[in-house]
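First comes the structure, then the notes that go with it.
We did not get these values from a lab; they are worked out from the coordinates using the rules stated. Since the model is a prediction, treat every value here as computed from it, not as a measurement. Using ideal geometry, Cβ is built from the backbone for each residue, glycine included, and neighbour counts are taken over all protein chains shown.
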Amino acid sequence: MKTKAIAVPVALLAIASGWGLGCGGSSSATTETTARLAKAQFLDKGNQICRKRLEEKDAAVKAAVKEVVASGKKDASKQLREEVGERILAIYREILQEFSDLQPPAAREASVKNMRSQLRTALEKAKADPSSVFTTNYFEDAAKDARTSGFTTCSF
């Protein structure tokens, strides 16, 4: 029976590692006069954003898993799934904001714009039921656009 009690926590961990939400970096806003970043600088900053936020998301999911395991229950409560789902969505909103603050090189502008658009769309879809992020990867298209943009740590 231990395997059933661990099934949901393992699923949460799978989501944490498979749907890398992470992105973090500068929180300073850009202006129209901000110079475009060079390609290498832009990719470095974007990857830093993703790495930081992925770690935050993983920590939130791992804490939820610990809570479920400690309770001895087979499944996370709906309330816990909603709370963790909302935390995950908040992290994605931070990712979107931080990428909006970056000025991409001209050659990356279209793919980054698509990525931000996909993030906005995914957030809109998931906001009605934050707990659904555990069963639906709304951010798959944004991850594809992140890879197209050259980011290596943004596996949403």
Nearby lysines by direct alpha-carbon distance to Lys144 (threshold 23 angstrom, same-chain neighbours under 8 apart not counted): Lys39, Lys45, Lys52, Lys57, Lys113, Lys125, Lys127
For segment 62-151, calculate the relative contact order in percent as a whole number, restricting contacts to Cα pairs under 8 Å that are 6 or more residues apart. 34 percent
Any aspartates and glutamates with Cα under 17 Å of the Lys62 Cα? List them, leaving off those in the same chain fewer than 8 positions away. Asp75, Glu82, Glu83, Glu86
1/(1 + (r/R0)^6) with r = Cβ-Cβ of Asp44 and Lys113, R0 = 25 Å, i.e. FRET efficiency to nearest 0.05, evaluates to 0.80
Compute the distance in nm between two label points, each set 7 Å from the Cα along the Cα-to-Cβ direction, one at Ala106 and one at Glu140. 3.6 nm
What trypsin sites (Lys or Arg not before Pro) does segment 50-156 have in DSSP loop regions with at most 16 other beta carbons within 10 Å? Lys73, Lys74, Lys127
